[in-house]
Amino acid sequence: MVKFSEDKLKEVQSMIDRYPEGKQKSALIPLLHLAQEEFGGWLSAETMDYVGSLLGIEPIEVYEVATFYSMYNLQPVGKHVFEVCHTGPCMLKGSDDIIGYIKSTLGIKVGETTADGMFTLKTVECLGACGYAPMMQMGIDYREHLTETKVDEIIAACRNKQ
Amino acid sequence: MAEAVKTVKVTIDNITVDVPVGTTILQAARMIGGDVVPPAMCYYSKLQGSGGKCRTCLVEVSKGSEADPRPMPKLVASCRTGVMDGMEVKNMTSPKVEDARNGVVEFLLLNHPLDCPVCDQAGECHLQDLGYQHGKQGTRYEFKRRTFEKHDLGPYIQLHMTRCILCYRCVFTADQLTDKRSHGILSRGDHAEIATYIEKSLDNNFIGNVIDVCPVGALTDKTFRFKNRVWFTKPVNAHRECKCCSGKVTLWQRGEEVLRVTARKDQWGEVEEWICNECRFEKKKTTDWTIEGPTHVSRHSVISQGHYENTIKPKETFTAVHGGRNPQLLMDIHSVSEVNDPSIDLSQINGPATSDVYNHSTKQA
Amino acid sequence: MATKLLLAKAHVEGIRHFEVYRREGGYAAVEKALKMEPAAIVEEVKKSGLRGRGGAGFPAGMKWSFLAKPEGVPRYLVCNADESEPGTFKDRYLMEFLPHLLIEGLVVSSFALGSNRTYIYIRGEYAWIVGILEQAIAEAKQNGFLGKNILGSGFDCEIYVQRGAGAYICGEETALIESLEGKRGNPRIKPPFPAIKGLWDCPTVVNNVETLAAVVPIMNMGGEEYAKIGVGRSTGTKLISACGNINKPGVYEIDMTISVEEFIYSDEYCGGIANGKKLKACIPGGSSVPILPANLLLTTAKGEPRLMNYESLADGGFATGSMLGSGGFIVLDEDQCIVKNTLTLARFYRHESCGQCSPCREGTGWMEKILGKIESGKGAISDIDLLWDIQRKIEGNTICPLGDAAAWPVAAAIRHFRDEFEWHVNNPELCQTQNFGLAHYADPIHVPA
Ligand SMILES: Cc1cc2nc3c(=O)[nH]c(=O)nc-3n(C[C@H](O)[C@H](O)[C@H](O)COP(=O)(O)O)c2cc1C
Ligand code: SF4
Ligand code: SF4
Ligand code: FES
Ligand code: FES
């Protein structure tokens, strides 16, 4: 069963307190971020319903929002998610090559997760790091000025962390 | 100027009317009636917040108002733009509008399946009407049409997501007629789709109205018997004692059979009074109803009912104000499309009609 | 040396922290502002000529003066830190390095507008910046520059940071407000404008990060002095985020009198085109503004040097000019393919369309598909005309300007680089291994006598 710890529930309350009385629905987006972090990196229907119940809103109000924003994973993802930007400015700096390199190194296509559940590869649109391209996001961190060597290092570091 | 001005003057396609302050351009056009009325695929006067989305009702404002006569830089959605005193609007007299509207219709049809022959809505589909008026022969779209996963909404309502034009009317209906939010739009952009959780609110007595507001065949009545082409059925007004709603409906009959029950619609295709699920889905015997007489289906006439009270008949004749052009006639769809060939009796096809079972072999010449 | 009003202290050690920021003269603007009448602050901002730095360039003071002030209804200031227009990363830089500058600007602006609850809506991906901002907010509060009864003035103000969750459209101010209310980022149909009915239906001002930060130097030096910097209606300084095939990508503060040529080639800024290549084209103001070939970028159609400001970049309209936009300056060298570049942008706008209105929802995907076809060598000449027709039917016919933003890059690419598109069509195989190259795009433009 999904349920936040006491500590997290305090955090939830402090999020709700940022808005005027009765406007607690505004906390939905931050709360979904928190739920995604806490409950395995993705939002199951159960998680979404739970979040809705915390805010006193209908499940549909949660689904509408969760499916709109691209940062929410509606399916399970690997432990490490590589989100490589491929919009114009990054493309000009070789993002396609980096994506190709990750694909061949991990043996997966864009949108897939490695069999061991370690890595998921996604392409994303501009992340506001165009001057430091090519780049990708991993969790909350940005990895910029990517090269093949850097990608190797990142993958090795992830494997070592296990 | 002793009296405060309560009405304003607006001119649409050279016809001037006085309308109450706060009237939208579309409402003002409906007061005039006829060809100056822009088509509206998403706006629904009975649904708060509707409109603005489909962009079929775009018009040109060639003069903003008496006070500020500058034209508006872009075409505006007539359903969501209020009139100003002295405003001049061009709908069918504007080549820009014609051009933009052709574009909008093309966009709406882009991913829309060409399955009119098997669609329950054929014949009363606003998109089909629009397509005939503005569409070109053939599509310029050569890519695969969008598909969605199939969803079963239970015994009453049939959903064909591929036909949906995302007008949001069903969302507003479910939201405004039922006491709990249970219906909405999921995903975004060209993947957006209506939620399939309507089934959860099927216990709500008014949810069936989403069928009547849907301008296309995305939400249809699963209890519609024999899936007939609507033009083979005879609409009659009828009523019954009902505890939940007015009980005033239109029955779609063939012979003595009630094939379908819908709310009564006004000339703009809008429901006059919402009806309950029981009336719509459960009362399929003629004996359930008191028949009043044939439903008058009129679409291009000046109305004087509902909230369009201040209807003023223009003195000019349409032909005169349209620069000699004749007003467009309501098209006989049989004449323009083989798809609607009346000699094809789709009721002969067993079960739910799909494009697979439709072929010319069923054509009885 | 260029005037630096915003980034002058960006590299002072520890400037992220209150003590250092304060020691360097920070929060003087708050001290000054709280002794003034709110209306007088609005007046200073009007005098400064400051224009919105989020893209549209709408005069900030004028926007502030439109804010409705009904009795008993709260008013809100919302800082737009959604920054998602490809090529733009200046707000990120400002918030990362000078969080207190933004907070200071927000306190002054909140006081001027009467907002007791001010929100910073930041794009969800900038998660680490949330921490930096919240730290700065906490420090400002500890030191009495935020919270209850700021500096004993009786003015209360709280600033909250709200994270988005991945949606470019939430940079559009009404979509942002919807998102802040915990909803899908569907832009609202205007009117009503946020100044009348915004966040929770209360009067609201939405301004870009850089706009609000610029209020600090305006307060400190006075609106009139600020207006003396720059040229014409391009007053003050502007942050430009430069990227693409240049030697020194990064964020630069410019005073809007320098030429585009200087900006690209001077070592103080971009440092020239990388790897000794030649300049082919540039999108000077974020991905939605028209792309220009090298020749039209460096000089206007009249043959005058083009300057890095609102008026000069727009000189010639869309026929031969572009826009300063958000200041996202994207440079393409001679090896870049315009078709490919346009395709990635079309894909971006398709991906980011909220899907509410039909021209944008359907048209963006259609354009992407056709561009994909041309890019992969499967296009026909008629596809180029079709693309032109589609973009034309999207532009101006949508609910919000994302439709225009999607249409303009396609239109400009065809307008200026049609022969490159045709080359793709006519050389289906060659275009898969080779690029059209610089061609004539850098040739000096012929100015009719
Ligand atoms: C699709 C779209 C995206 C936008 N994205 C941003 C953005 O990321 N940041 C921003 O400051 N303004 C953005 N804007 C402009 C805002 O709508 C608004 O004009 C701006 O925040 C006003 O602030 P300013 O006057 O200070 O520039 C966007 C507009 C549109 C139509
Ligand atoms: S299902 Fe029908 S009513 Fe609902 S949004 Fe789609 S087209 Fe509109
Ligand atoms: S133009 Fe695009 S992003 Fe804007 S409201 Fe319409 S569909 Fe949404
Ligand atoms: S284009 Fe990749 S971060 Fe902007
Ligand atoms: S009816 Fe006006 S935009 Fe749809």
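Taking only protein heavy atoms and a 1.4 Å probe, the accessible area of segment B:137-221 is 48% carbon and sulfur.
What is the percent of Cα-Cα separations in segment C:238-333 that go past 17 Å?
Percentage above 17 Å: 39.
Dipole magnitude for segment B:9-108: about 340 debye, using +1 per Lys or Arg Cβ and -1 per Asp or Glu Cβ, origin at the Cα centre. A 1.4 Å probe over all protein chains sorts C:Val231, B:Val8 by accessible area into C:Val231, B:Val8, starting with the largest. For segment B:77-205, a simple Cβ point-charge model (Lys and Arg +1, Asp and Glu -1, everything else neutral) yields a dipole of about 340 debye relative to the Cα centre. Go through segment B:64-78 and flag every residue whose accessible area shrinks by 30 Å² or more with all protein chains in place compared to the isolated chain (probe 1.4 Å). Buried-area filter returns B:Lys74.
Set the Förster radius R0 to 30 Å, insert the Cβ-Cβ distance between C:Trp388 and C:Ile445 as r into 1/(1 + (r/R0)^6), and round the FRET efficiency to 0.05. Please report the intermediate quantities before stating the final value.
Values: r = 23 Å, r/R0 = 0.76.
It comes to 0.85.
Peptides A:86-94, B:20-28, ordered by how many other C-beta atoms sit within 10 Å of their residues on average, highest first, read A:86-94, B:20-28.
As a ratio to 2.2 N^0.38 Å, the alpha-carbon radius of gyration for chain A is 1.17. Which Cα, out of C:Asn397, C:Ile283, C:Tyr93, lies furthest along the positive dipole direction of the protein assembly as shown (beta carbon charges, K/R +1, D/E -1)? Checking the options against the dipole of the protein assembly as shown, the answer is C:Asn397.
For the set A:His145, B:His160, the ranking by accessible area, highest first and with no ligand, DNA or RNA atoms included, is A:His145, B:His160 under a 1.4 Å probe.
Using a simple spin-label model with pseudo-atoms 7 Å out from Cα toward Cβ, C:Arg233 and A:Asp152 lie 5.6 nm apart.
Mind checking the per residue accessible area of chain C for me, 1.4 Å probe, whole number of Å²?
In whole numbers, chain C has 32 Å² accessible per residue.
For segment C:308-449, the fraction of C-alpha pairs more than 26 angstrom apart is 27%.
Surface composition of segment C:338-441: carbon plus sulfur atoms hold 50% of the accessible area, using a 1.4 angstrom probe and ignoring ligands, DNA and RNA.
If you wrap the tightest convex hull around every Cα atom of segment A:6-66 and split its volume per residue, you get 74 Å³. Here, segment C:393-449 has an Rg and a Dmax of 15.6, 43 Å when only alpha carbons are counted. Per residue, the accessible area of segment B:204-296 comes to 39 Å² when a 1.4 Å probe rolls over the protein heavy atoms. Per residue of peptide B:97-109, the mean number of Cβ atoms on other chains within 10 Å of the residue Cβ is 5. By the Cα gyration tensor, chain C has an equivalent ellipsoid whose semi-axes, rounded to whole angstrom, run 39, 25, 19 from largest to smallest. For segment B:137-221, the equivalent ellipsoid derived from the Cα gyration tensor has semi-axes of 25, 13, 12 Å, listed largest first. Taken residue by residue and averaged, Cβ atoms of other chains lying within 10 Å of the Cβ of A:81-94 number 6. Taking all Cα-Cα distances within segment A:80-160, those exceeding 17 Å account for 37%. At an R0 of 22 angstrom, the distance between the Cβ atoms of C:Glu37 and C:Lys148 translates into a FRET efficiency of 0.55.
Taking all protein chains as they are arranged and a probe of 1.4 Å, the heavy atoms of A:Arg159 leave approximately 120 Å² accessible to solvent. Per-residue mean of foreign Cβ neighbours for C:393-403 is 4 (Cβ atoms of other chains, 10 Å radius).
Projecting label points 7 angstrom from Cα along Cα→Cβ for B:Ser246 and B:Glu98 puts them 3.9 nm apart. Based on the Kirkwood radius over alpha-carbon pairs, what is the Stokes-Einstein translational diffusion coefficient of the protein assembly as shown at 10 °C with 1.306 mPa s viscosity, in µm²/s? Answer from the Stokes-Einstein relation: 52 µm²/s.
Estimated translational diffusion coefficient (Stokes-Einstein, Kirkwood radius over Cα pairs, 25 °C, 0.890 mPa s) of segment C:18-228: 145 µm² per second.
Roughly how big is the B-C contact, given as buried accessible area in Å² (both sides, 1.4 Å probe, nearest 100)? Could you put the intermediate results ahead of the total?
Working: alone 18650 and 17650 Å², together 33390 Å².
When B and C are taken together, about 2900 Å² of accessible area is lost.
Would you work out which of B:Gln158, B:Gly138, B:Leu186 lies farthest towards the positive end of the dipole of segment B:137-221? Charges go on Cβ: Lys and Arg +1, Asp and Glu -1. It is B:Gly138, whose Cα lies furthest towards the positive end. Between B:Lys6 and A:Ser14, the modelled label-to-label distance comes to 5.8 nm, taking each label 7 Å out from Cα in the direction of the beta carbon. When the accessible areas of A alone and B alone are added and the area of the pair subtracted, with a 1.4 Å probe, the result is around 900 Å², both sides summed.
Pair-distance distribution P(r) for segment C:172-249, from all Cα-Cα distances in 5 Å bins starting at 0: 3, 12, 16, 13, 11, 16, 16, 9, 3, 0 percent.
Mean projected area of the Cα convex hull of segment B:9-108, taken over all directions, amounts to 6.0 nm².
Interface A-C: total buried accessible area of about 3800 Å², 1.4 Å probe, protein heavy atoms only.
FRET efficiency for C:Lys190 and C:Ala56, Cβ-Cβ distance as r, R0 = 22 Å, nearest 0.05?
Step by step, r from the Cβ atoms, then E = 0.95.
Would you mind working out the accessible area per residue for segment A:6-66, using a 1.4 Å probe, and quoting it in Å²?
Result: 41 Å² of accessible area for each residue.
Hydrodynamic estimate: the Kirkwood radius of segment B:28-81 over Cα pairs, inserted into Stokes-Einstein at 10 °C and 1.306 mPa s, corresponds to D of 132 µm²/s.
The values are calculated or read from the model by the stated rules, or taken from the named source; none is laboratory data. Here the structure is a predicted model, which is why all the values come from computation and not from measurement. Here the Cβ is made from the backbone with ideal geometry for all residues, glycine too, and neighbour counts use every protein chain on show. Note: accessible area is taken over every heavy atom of the protein model, side chains too, but ligands, DNA and RNA are not part of it. Shrake-Rupley method; radii C 1.70, N 1.55, O 1.52, S 1.80 Å.
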